[in-house]
Amino acid sequence: MKNKPLMVANWKATKTIKETVDWVRKAKPALEGINHATIVICSPYTSLPFVASLFKDTNVKVGAQDVSKFKKGAYTGEVTIEMLDGLVDYCIVGHSERRRLFGETDDDVIKKVDLLLEYRISPILCVSDPAQLDSYIERGRAIIEKAEQIIFVYEPPSAISGGGAYHPEDPDETSRSIKKMQEKIGKKVVTLYGGSVNPENGFKFLAKENINGALVGQASTDLSVFLELLDSIKTDGVLV
């Protein structure tokens with residue numbers, strides 16, 4: 001029997017502070033009652049203090065969507081690891097949108113992973129395909145040496161909804177790709193799938209042996225859809 005799935009909500013660049021507070025206040029009673037999954041909410045930077053405060057002393061965890069590759073200094077506009085320290089438990093790095101739209105490189109992502117590990121914030125490392133994982137392993141010692149402290153996400157760019165229609169990858173193909181990643185790492189690690197996960201397909205992915213949870217984008221921004229997704233994976237085939 002598998003452990004509790006890790007469900008990471010990536011709100012991307014959506015929700016004002018007011019919208020965040022409204023979402024959390026409505027969601028809190030339902031999410032506090034969920035014990036069949038570990039839930040992480042990754043809001044925009046501006047909302048992080050409010051999310052952290054409103055979910056304090058609950059089972060819901062808080063994560064950031066990114067972090068600067070610079071530790072501190074004269075880097076106008078950057079949000080550094082020291083600013084996130086004590087505020088979040090998790091942080092997404094290497095998302096395909098960051099790479100495609102903002103030119104992030106493998107070396108940039110590895111620097112971020114190193115900083116997160118140093119500050120004991122769990123990196124949620126997005127990997128487009130097994131070949132990209134080869135690059136991370138070659139360039140970053142920590143990717144293997146501290147793999148157990150990293151959450152790996154198989155996130156094929158072609159499956160990202162981007163706020164539009166869902167176009168997920170085939171669950172069987174996803175499971176095979178994740179298995180290849182696990183074999184390359186050579187250790188027992190947490191591996192998620194990210195890419196158009198929704199209430200209609202969530203269980204199909206999480207029922208696969210190699211998939212330990214999901215990085216949820218569009219479906220996490222609408223509370224009713226997100227709760228429906230969480231309910232859809234509530235089955236003896238997935239849970240502890």
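Each reported figure results from applying straightforward, stated rules to the coordinates on display, with no laboratory input. These numbers come from a predicted model, not from an experiment. Cβ placement follows ideal geometry from the backbone for every residue including glycine, while neighbour counts extend to all protein chains displayed.
Worth a mention:
- Amide H contacts for Val216 (H built 1.01 Å from N in the peptide plane; partners 5 or more residues away or on another chain; cut-off under 5 Å): Val8, Ala9, Asn10.
- Most mobile of Thr221, Thr20, Thr76 in a GNM of the chain (Cα contacts under 10 Å): Thr76
- Hz values of 3J(HN,Hα) by residue in segment 216-230 - Karplus curve (6.51, -1.76, 1.60), Gly and Pro given as x: 10, x, 3, 5, 8, 7, 9, 4, 5, 5, 5, 5, 5, 4, 4
- For the chain, adding -39500 (n - 2.57) for each run of n ≥ 4 DSSP H residues and dividing by the number of residues yields -11000 deg cm²/dmol at 222 nm.
- Over 19 Å (Cα to Cα) - which of Lys12/Lys184; Lys188/Lys234; Lys208/Lys234; Lys179/Lys204; Lys28/Lys61; Lys61/Lys208 fall in this group: Lys12/Lys184; Lys188/Lys234; Lys61/Lys208
- Each Lys and Arg Cβ is given +1 and each Asp and Glu Cβ -1; about its Cα centre, the chain then shows a dipole of about 400 debye.
- Using θ = phi - 60° in the Karplus curve 6.51 cos²θ - 1.76 cosθ + 1.60, the 3J(HN,Hα) couplings for segment 56-66 round to 4, 6, 10, 7, 8, 9, 10, x, 9, 8, 5 Hz; x is entered for Gly and Pro.
- Inter-label distance, Asp172 to Ile144: 3.3 nm, where each label sits 7 Å from its Cα along the C-beta direction.
- Cα coordinate range in segment 1-96, projected on the principal axes (Å, largest first): 45, 35, 26
- In segment 12-57, inverting the average of 1/r over every pair of distinct C-alpha atoms gives 11.1 Å as the Kirkwood radius.
- Ascending count of other beta-carbon atoms within 10 Å, so fewest first, for Lys61, Lys56: Lys56, Lys61
- Across segment 6-232, the volume of the C-alpha convex hull divided among the residues equals 117 Å³ per residue.
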